[in-house]
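Notes follow once the structure below has been shown.
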C-alpha cells in the first residue's frame with residue numbers, strides 16, 4: 001500500500017516538475033525566460049519519474065511473489081488424486 005502511495009506522489013511530482021519546466025520555457029514568449037527553472041524542472045521530472053518507475057517495478061515483483069506463494073499453497077492444500085483401478089470405472 002505504501003509503495004502505491006509513494007508512486008502516486010512521485011507521479012504528481014513529475015507532472016509538477018515538468019510543468020515548471022514548461023512555465024520557464026513559456027517565459028521566453030514574454031522575454032522573461034528562466035533557464036534555471038527549465039533545467040530544474042526537467043531534471044526533477046526525470047528523476048521523479050525514474051524513481052516512480054523503479055518503485056512500481058518492485059511493487060509488481062512483490063505482487064508476483066505473493067501470487068506464486070498463493071498458487072503453491074493452493075496446490076499443497078489440494079488432495080492428491082488417487083489412481084482408479086479398472087474395476088472402479
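If we scan the range 29-37, do we find a residue that is out of contact with any strand residue (DSSP E or B) (no Cβ under 6 Å at 6 or more places or on another chain), exposed (fewer than 11 other Cβ atoms within 10 Å of the Cβ), modelled with pLDDT of 90 or more and assigned to a helix (DSSP H, G or I)? Scanning the range 29-37 turns up at least one residue that is out of contact with any strand residue (DSSP E or B) (no Cβ under 6 Å at 6 or more places or on another chain), exposed (fewer than 11 other Cβ atoms within 10 Å of the Cβ), modelled with pLDDT of 90 or more and assigned to a helix (DSSP H, G or I).
Does residue 50 fit the bill of being surrounded by fewer than 15 Cβ atoms within 10 Å (Cβ to Cβ) and either within 19 Å of the chain's Cα centre (by Cα) or touching a residue at least 40 places away in the same chain (Cβ under 8 Å) (or both)? Judged against the criteria, residue 50 is a match.
The values are calculated or read from the model by the stated rules, or taken from the named source; none is laboratory data. It should be emphasised that the depicted structure is a prediction, and the values quoted were computed from it without experimental measurement. Heads up, the Cβs are rebuilt from the backbone with ideal geometry, glycines too, and the neighbour counts pull from every protein chain shown.
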